[in-house]
Amino acid sequence: MAPPRSFLWSRRIFLTLLTGFVLLPVYVMVSSSLKPLADVTDKFRWLPSRLTIRPYIDIWSTVPLARYFVNSLIVAGSATICSVVIAVFAAYAVSRYDFRGKRVFTVTVLSTQMFPGILFLLPLFLIYINIGNATGIALFGSRAGLILTYLTFSLPFSIWMLIGYFDSVPRDLDEAALVDGCGPLGALFRVVVPAAVPGIVAVAVYAFMTAWGEVLFASVMTNDTTRTLAVGLQGYSTLYDVYWNQIMAASLVVSVPVVAGFLLLQRYLVTGLTAGAVK
């Protein structure tokens with residue numbers, strides 16, 4: 001039975017309004033990035049008096065955006081790789097083997113997601129300072145320290161996600177690989193990992209996006225040399241002026257890697273999230 005016309009029109013109107021609500025901020029951001037600063041700071045106008053790409057050129061000289069970009073790529077990329085590699089081994093062990101404390105481990109991993117991130121800020125700060133004073137290893141203000149910090153809240157979720165996904169992979173595949181002469185690691189890398197690519201991609205995207213846009217820990221754990229993009233955008237607001245057009249331009253440039261990665265991997269992302277959440 002076809003739905004009534006009133007329902008179809010109501011749905012169209014609702015989706016149109018929702019689309020406008022979502023795209024309006026994007027339009028304001030794009031149009032503001034192509035306006036002269038006087039247009040942005042003056043009374044708001046929907047159309048710029050003239051289009052200019054000067055903000056996209058000035059963003060690289062107003063603040064050291066290229067250095068912030070490299071720092072973000074290194075930190076987010078390293079945190080993603082470490083999170084995925086550790087989560088694959090941990091999730092595979094929990095999914096395939098029985099050991100004492102297995103239940104406690106899984107509950108502990110999941111329970112860490114209940115606590116707000118700011119709760120760990122001061123303890124991590126003190127730990128890094130004490131490690132630096134005792135051993136000379138400078139974790140505070142370094143990329144390595146920030147990578148370890150991001151692992152504290154991306155790794156538990158990654159393990160939990162992959163446990164659910166590995167559970168959905170039939171154990172008969174592991175047994176067939178063992179019969180063919182593979183060891184446990186061979187079964188993992190030759191059979192289970194290829195079958196679990198969507199779940200691994202979903203975990204990688206989550207870990208990367210979490211590290212790429214994080215502000216709280218990056219604002220405390222970094223200095224001028226190791227500052228990331230999310231914190232570096234504050235540099236466009238000075239004591240005397242706020243370069244709104246450059247902020248909008250830099251925000252668009254910063255979002256390009258995440259948006260491009262999501263568009264390329266969305267097929268795996270949706271499959272991985274749904275398969276890992278439902279057993």
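Within region 201-221, the residues that satisfy the criterion of being open to solvent by 20 Å² or more (accessible area, probe 1.4 Å) and farther than 19 Å from Pro257 by Cβ are Leu216, Ser219, Val220.
In region 28-35, is there at least one residue being touching a residue at least 12 places away in the same chain (Cβ under 8 Å), closer than 26 Å to Thr228 by Cα, surrounded by fewer than 12 Cβ atoms within 10 Å (Cβ to Cβ) and not hydroxyl-bearing (Ser, Thr, Tyr)? No, region 28-35 has no match at all.
Quick check on region 137-195: of everything there that is in a loop (DSSP other than H, G, I, E, B) and more than 25 Å from Ala76 (Cα to Cα), which residue is least open to solvent (accessible area, probe 1.4 Å)? This residue is Val169.
Can Thr226 be described as at pLDDT 85 or above and outside any helix (DSSP H, G or I)? In short, yes.
Quick check on my filter: what residues within region 40-61 are open to solvent by less than 50 Å² (accessible area, probe 1.4 Å) and in contact with a helix residue (DSSP H, G or I) (Cβ under 8 Å, 6 or more places away or on another chain)?
Val40, Pro48, Pro55, Asp58, Ile59
Return yes when Leu47 is of a type outside the set (D, E, K, R) and free of Cβ contacts under 8 Å to residues at least 24 places away in the same chain and no when it is not. Answer is yes for this residue.
Restricting the search to region 62-77, which residues are open to solvent by 50 Å² or more (accessible area, probe 1.4 Å) and under 16 Å from Ser33 (Cβ atoms)?
Matches in region 62-77: Thr62 only.
The values are calculated or read from the model by the stated rules, or taken from the named source; none is laboratory data. These numbers come from a predicted model, not from an experiment. When we count neighbours, we look across all protein chains shown, and the Cβ atoms used for this are built from the backbone with ideal geometry, even at glycine. The protein model used for the area step is the full one, side chains on, heavy atoms only, and it has no ligands, DNA or RNA in it. Shrake-Rupley method; radii C 1.70, N 1.55, O 1.52, S 1.80 Å.
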